[in-house]
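Asker: Provided herewith is a single structure, encoded as structure tokens, for subsequent inquiry.
Where a number appears in this text, it was derived from the coordinates with a stated rule and is not lab data. If you're wondering where the values come from, they're calculated on a predicted model, not measured in any experiment. Note that we place each Cβ from the backbone using ideal geometry, even for glycine, and neighbour counts take in every protein chain shown.
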Amino acid sequence: MAKVFQKTKMLTDVPFHYCPGCTHGIIHRLVAECIEEMGLQDKAVGIAPVGCAVFAYNYFDCDMMEAAHGRAPAVATGIKRTCPDDLVFTYQGDGDLASIGTAEIVHAAARGEKITAIFVNNAIYGMTGGQMAPTTLVGQVTTTSPYGRNPETQGMPVRMSEMLGTLDGAYYIERTSVHDVPNIVKTKKAIKKAFEYQMEGKGFSMVEILSTCPTNWGLNPVEALKWLEENMIPHYPLGVTKEGR
Amino acid sequence: MAKVLMKGNEAIAEAAIKAGCTHFFGYPITPQNQIPEYMSKRMPQVGGTFIQAESEVSAINMVYGAAGAGARAMTSSSSPGISLKQEGISYIACAQLPCLIVNIIRSGPGLGGILPSQGDYFQATKGGGHGDYHLVVLAPSSVQEAADLVAEGFDIADQYRIPVMILGDGMIGQMMEPVEFKEHEGRKLPEKTWAANGWKDKSHPRRIVNSLYIEAEAMEEVNCQLQEKYAEITKNETRVQEIMTDDAEYIIAAFGTTARIAKNAALKAREMGIKVGVIRPVTLWPFPTEAFSKAADKAKGILCVEMNTGQMIEDVRLAVNGKVPVEFYGTTGGFVPTPAAVVEALEKLKEGR
């Protein structure tokens, strides 16, 4: 019988700790497949964040570092400046990248660091139990916005891709989603393009991937995919915000 | 090599380049600015990397990345900036990465002032960040010694996989003195097989640089490992200078530039007929406990002189363990103790006042 699918060798056999229906698993697979297909396992160094993906170093079968909360782009900078031929990528959530780590991501992009940020945006703090994130939507109920996010007192959700797209050092920024198969395919293409640009030495690249958090959104996995499509995409439009100089 | 006249900050930077430092990450703060400035000029000349980071927080995390990938990396700052680096230093300590951190202390707390101080002794020697860890802390008392300790510091860092701090005060950083960049023999250092820089050699497992141990057993194992390492460092690397202690009835304990004033005060006291010696810890951690304990067997009293309100005195008292009185004389940031004031404090100690 013909084999139509197999797990990428770039993922270890350690079982994911992610909640059922969470799309981190899909995103891990896409990143790993891109590295394998590009033949970069022996050049890849990944940086795990603090947040749901904190154990990412157990899953990607390449050299890995675990960074302090939000500091992954600074750590990536240190690695890339030491090993300029390596593929250096951070894997960060929205609490890590869009809240505590805003300075690090902005200035890594501004310097045009030849690194790639895989930015997983699920509009909530997952690991700590569902608190409000800078990316939480208006009206969204979380454990620290129990009456729904109020823009008067809690501001509006932050669009990182648009923000970073204004920086000259950023070479490629795209927002994608993994709520259905066509978008999963597009996401993989975007990740690969970001990695290719990095290896060509073009500059900073980031793929923001809209992702689900059924557990903390209080939805089942299917409802979560639908919620993402109907609520997140209108505020976080998909597409390229920066490509080239 | 001939002696050159250099500011302490510049001498530290040049010594780092000569010691093979390839990566410097910093952020401007007075009174250490000559270090990053010098590095920004020199690093491109030797094919190294200089980055002025967006913050001290970012700079120390760049050190984490570069050191984790196998580079000889360093950062420098001054007190408030070192406070910002503490999170990163704690991670580096737990991940067991080698690096050099220079703190040219200014007065504090808070934003404090830009004049010399030794107010960061506690922070430097008791860990500084969260968790059970130590840095190796080297306290030069001259520009020459600062330069010499940079090369030693990098070697200690690499040998034990530990962050090393050069703790100088604003005086060390700013004053000019003749310095000779001696040929550093260097230690025989282990290969950095643990560095995460691309898994090219598949004969060993992939490398993970990490400070997260979610299971209590694993966390305990790491802590035990660290403590074993600290015990070994204490055994092998403790350094102390004793000046005129052989016949001394009174001892002045002082580190860094203050130890030079202490020496002058001791000479002055001897002219007055009081036999005074100086014990100067070169390593503030590991602390030269034995030197003080032995001195307390012979001496009648110890005066601890610091440019702060009394920090090292706690370690001196622990070492002396009540055998003789240990008194304090100090000035807060910006005011440098004078030999005359130290002699006066010695007289008080002698008279039991």
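Asker: Whole Å is fine, so just give me how far the alpha carbon centre of region B:63-130 lies from that of region A:33-82.
Answerer: Computed from Cα coordinates, the inter-centre distance equals 25 Å.
Asker: Short version: ³J(HN,Hα) in whole Hz for each residue of region B:261-267, in order, from phi by Karplus 6.51 cos²θ - 1.76 cosθ + 1.60 (θ = phi - 60°), x for Gly and Pro, what are they?
Answerer: 3J(HN,Hα) across region B:261-267, in whole Hz: 5, 4, 5, 4, 5, 5, 5.
Asker: From the phi of every residue in region B:284-295, what ³J(HN,Hα) in whole Hz does the Karplus formula 6.51 cos²θ - 1.76 cosθ + 1.60 yield, where θ is phi - 60° and glycine or proline is x?
Answerer: Calculated HN-Hα couplings, in order: 7, 9, x, 7, x, 4, 4, 4, 6, 4, 5, 4 Hz.
Asker: Quote the charge dipole size of region B:110-217 about the Cα centre in Debye, to the nearest 20; the model charges only the Cβ of Lys and Arg (+1) and of Asp and Glu (-1). Can you show the working numbers first?
Answerer: Details: 10 positive and 16 negative charges, 125 e Å.
In total the dipole reaches around 600 debye.
Asker: Dividing the Cα convex hull volume of chain B by residue count, how many Å³ per residue is that? List each step's numbers first, then the result.
Answerer: Values: hull volume 51.4 nm³, N = 353.
Roughly 146 Å³ of hull volume per residue.
Asker: OK, next. Looking only at other chains, what is the average number of their beta-carbon atoms within 10 angstrom of each beta-carbon in B:335-342? Can you show the working numbers first?
Answerer: Working: counts 0, 0, 0, 0, 0, 0, 0, 0.
Rounded to a whole number, the mean comes out at 0.
Asker: Enumerate the amide H contacts of B:D169 below 5 Å, restricted to partners 5 or more residues apart or on another chain; note that Pro and chain-start residues carry no placed amide H.
Answerer: B:I105, B:T257
Asker: Can I ask one more? Calculate the spin-label point distance for B:E249 paired with B:E290, positioning each point 7 Å from the Cα along the beta-carbon direction, and give it in nanometres.
Answerer: If labels sit at B:E290 and B:E249, their model points lie 2.9 nm apart.
Asker: Here's a follow-up. With a cut-off of 8 Å between alpha carbons and a minimum separation of six or more residues, what is the relative contact order of region B:135-212 in percent? Write down the numbers at each step before the final one.
Answerer: On the way: 80 pairs, mean separation 24.0, N = 78.
Answer for region B:135-212 is 31 percent.
Asker: Quick check: the angle from helix B:8-18's long axis to the longest principal axis of chain B, C-alpha only, nearest 10 degrees?
Answerer: Between helix and principal axis, roughly 40 degrees.
Asker: Rounded, prolate or oblate: pick one for region A:9-143, where a ≥ b ≥ c are the square roots of the eigenvalues of its C-alpha gyration tensor, a/c under 1.5 means rounded, and failing that, prolate if a/b is larger than b/c, else oblate. Before the final figure, lay out the partial values.
Answerer: On the way: a/c = 2.22, a/b = 1.27, b/c = 1.75.
Oblate, because a/c is 1.5 or more while a/b does not exceed b/c.
Asker: Given only helices, namely DSSP H runs of n ≥ 4 each adding -39500 (n - 2.57), what is the per-residue ellipticity at 222 nm of chain A, to the nearest 500 deg cm²/dmol?
Answerer: Working: 9 runs with 78 residues, N = 245.
Per the formula, -9000 deg cm²/dmol.
Asker: Where the centre of each part is set by its Cα atoms, how far does region A:178-245 sit from region B:168-228, in angstrom?
Answerer: 37
Asker: Suppose every Lys and Arg Cβ carries +1 and every Asp and Glu Cβ carries -1, with no other charges. What dipole size does the protein assembly as shown come out with about its Cα centre, to the nearest 20 debye?
Answerer: Numbers: 57 positive and 67 negative charges, 132 e Å.
For this selection, approximately 640 debye.
Asker: Ignore the peptide's own chain and count Cβ atoms of other chains within 10 Å of each Cβ in A:53-66; give me the average, rounded. Don't jump to the answer; show the numbers that get you there.
Answerer: Working: counts 0, 3, 3, 0, 7, 2, 0, 2, 2, 6, 12, 8, 12, 9.
Rounded to a whole number, the mean comes out at 5.
Asker: Just to be sure I understand: of the beta bridges DSSP finds with both ends in the protein assembly as shown, what percent are antiparallel, rounded to 5? Present the calculation step by step, with values, prior to reporting the outcome.
Answerer: Values: 18 of 79 bridges.
Of those bridges, close to 25 percent are antiparallel.
Asker: Sticking with this structure for a sec: Taking H as built 1.01 Å from N, whose amide H comes closer than 5 Å to the amide H of B:G301, not counting residues under 5 places away?
Answerer: Under 5 Å from the amide H of B:G301 lie the amide H atoms of B:I251, each far enough along the sequence or on another chain.
Asker: Now, a different point. Output wanted: per-residue J couplings in Hz (rounded whole) for region B:316-331, from phi through Karplus 6.51 cos²θ - 1.76 cosθ + 1.60, θ = phi - 60°, x for Gly and Pro.
Answerer: Working through the residues one at a time gives 5, 4, 4, 5, 6, 6, x, 5, 9, x, 10, 10, 10, 10, x, 10 Hz.
Asker: For every other residue with a beta carbon closer than 14 angstrom to the beta carbon of B:G113, add +1 if it is Lys or Arg and -1 if Asp or Glu, then tell me the sum. Please list the in-between numbers first.
Answerer: Numbers: positive: B:R106; negative: B:D120, B:D169.
Local charge sum for B:G113: -1.
Asker: Would you mind getting me the FRET efficiency between B:Y213 and B:A340? Use the beta-carbon distance for r and R0 = 56 Å, nearest 0.05. List each step's numbers first, then the result.
Answerer: Numbers: r = 54 Å, r/R0 = 0.96.
Efficiency for this residue pair is about 0.55.
Asker: Given axes a ≥ b ≥ c from the Cα gyration tensor, I'd like to know whether region B:307-349 is rounded (a/c under 1.5), prolate (a/b larger than b/c) or oblate. The partial results should precede the final answer.
Answerer: Working: a/c = 3.87, a/b = 1.42, b/c = 2.71.
Judged from the Cα gyration tensor, region B:307-349 comes out oblate (a/c at least 1.5, b/c at or above a/b).
Asker: Could you work out the relative contact order of region A:166-212? I mean the mean sequence separation of Cα pairs under 8 Å and 6+ apart, divided by the number of residues, in percent. Walk me through the intermediate numbers first.
Answerer: Values: 61 pairs, mean separation 24.9, N = 47.
Here the relative contact order equals 53 percent.
Asker: For every other residue with a beta carbon closer than 12 angstrom to the beta carbon of B:E314, add +1 if it is Lys or Arg and -1 if Asp or Glu, then tell me the sum.
Answerer: On the way: positive: B:K126, B:R317; negative: B:E306, B:D315.
With Lys, Arg at +1 and Asp, Glu at -1, the neighbours total 0.
Asker: Across region A:1-119, how many lysine pairs separated by 8 or more positions, or lying on different chains, have Cα atoms within less than 27 Å? All intermediate terms of the calculation are to be shown ahead of the outcome.
Answerer: Numbers: A:K7/A:K43; A:K9/A:K43; A:K9/A:K80; A:K9/A:K114; A:K43/A:K80; A:K43/A:K114; A:K80/A:K114.
Taking region A:1-119 as the scope, the lysine pair count is 7.
Asker: So how do B:209-215, A:8-14, A:175-181, B:100-106 stack up, highest first, on mean other-Cβ count within 10 Å?
Answerer: Per-residue mean Cβ counts within 10 Å order the peptides as B:100-106, A:175-181, B:209-215, A:8-14.
Asker: Taking Rh as the Kirkwood radius computed over C-alpha pairs, what is the Stokes-Einstein D of region B:1-78 at 25 °C in a medium of viscosity 0.890 mPa s, expressed in µm² per second? Before the final figure, lay out the partial values.
Answerer: Details: Rh = 12.5 Å.
Using the Kirkwood radius from Cα pairs, D works out to 196 µm²/s.
Asker: Moving on. So, by mean Cβ neighbours within 10 angstrom, what's the order for B:26-37, B:121-132 with the highest one leading?
Answerer: Working: B:26-37: 21.9, B:121-132: 18.7.
By packing density, highest mean first, the sequence is B:26-37, B:121-132.
Asker: Quick one: putting +1 on the C-beta of Lys and Arg, -1 on the C-beta of Asp and Glu, what dipole do you get for region A:91-161 around its Cα centre, in Debye to the nearest 20? Display every interim value, and only then the final one.
Answerer: Working: 4 positive and 5 negative charges, 24 e Å.
That gives region A:91-161 a dipole magnitude of about 120 debye.
Asker: Given H placed on each backbone N at 1.01 Å, which residues far from A:V45 in sequence or on other chains put an amide H within less than 5 Å of it?
Answerer: Result for A:V45 returns A:L87, A:V88, A:F89.
Asker: Near B:G88, within a Cβ-to-Cβ distance under 10 Å, what is the net charge of the other residues, with Lys and Arg +1 and Asp and Glu -1? Mind showing how you got there, number by number?
Answerer: Working: positive: A:R71, B:K85; negative: B:E56, B:E87.
Charge balance near B:G88 sits at 0.
Asker: Which entries in B:K41/B:K229; B:K3/B:K275; B:K3/B:K85; B:K85/B:K188 show an alpha-carbon gap greater than 32 Å? Before the final figure, lay out each step's value.
Answerer: On the way: B:K41/B:K229 37 Å; B:K3/B:K275 35 Å; B:K3/B:K85 34 Å; B:K85/B:K188 30 Å.
Distance filter (> 32 Å) returns B:K41/B:K229; B:K3/B:K275; B:K3/B:K85.
Asker: Quantify how strongly other chains surround peptide B:194-207 by giving the mean number of their Cβ atoms within 10 Å of each of its Cβ atoms.
Answerer: If you average over the peptide's residues, the count of other-chain Cβ atoms is 5.
Asker: Using helices alone, what [θ] at 222 nm do you get for chain B, with -39,500 (n - 2.57) per DSSP H run of 4 or more residues, divided over all residues and rounded to the nearest 500? Before the final figure, lay out each step's value.
Answerer: Working: 12 runs with 150 residues, N = 353.
Helix-only estimate at 222 nm: -13500 deg cm²/dmol.
Asker: Lysines within cross-link reach of B:K323: Cα-Cα under 17 Å, excluding same-chain residues under 8 positions apart?
Answerer: Straight-line reach from B:K323, under 17 Å: B:K294, B:K298, B:K300, B:K350.
Asker: From the Cα gyration tensor of the protein assembly as shown, with a ≥ b ≥ c the square roots of its eigenvalues, which class applies: rounded if a/c is under 1.5, or else prolate if a/b is larger than b/c, or else oblate?
Answerer: Details: a/c = 2.39, a/b = 2.16, b/c = 1.11.
Prolate, since a/c reaches 1.5 and a/b exceeds b/c.
Asker: Calculate, for B:N236 and B:E347, the FRET efficiency according to 1/(1 + (r/R0)^6) with r their C-beta to C-beta distance and R0 56 Å; round to the nearest 0.05. Don't skip to the answer; put the middle values down first.
Answerer: Numbers: r = 39 Å, r/R0 = 0.70.
Once rounded, the FRET efficiency stands at 0.90.
Asker: Relative to the longest principal Cα axis of chain B, at what angle does helix B:79-95 sit, 0 to 90 degrees, rounded to 10?
Answerer: On a 0 to 90 degree scale, this one is about 60.
Asker: Moving to a separate point now. Highest first, please rank the peptides B:55-62, B:255-262, B:324-331 by the mean number of other Cβ atoms sitting within 10 Å of their residues. Don't skip to the end; give the middle numbers.
Answerer: Details: B:55-62: 27.8, B:255-262: 25.4, B:324-331: 19.6.
Going by the mean number of other Cβ atoms within 10 Å, highest first, we get B:55-62, B:255-262, B:324-331.
Asker: Here's another thing I want to ask about it. Principal axes first, then extents: for the Cα atoms of chain A, list largest minus smallest coordinate on each axis, whole Å, largest first.
Answerer: The Cα atoms of chain A stretch 50, 49, 30 Å along their principal axes.
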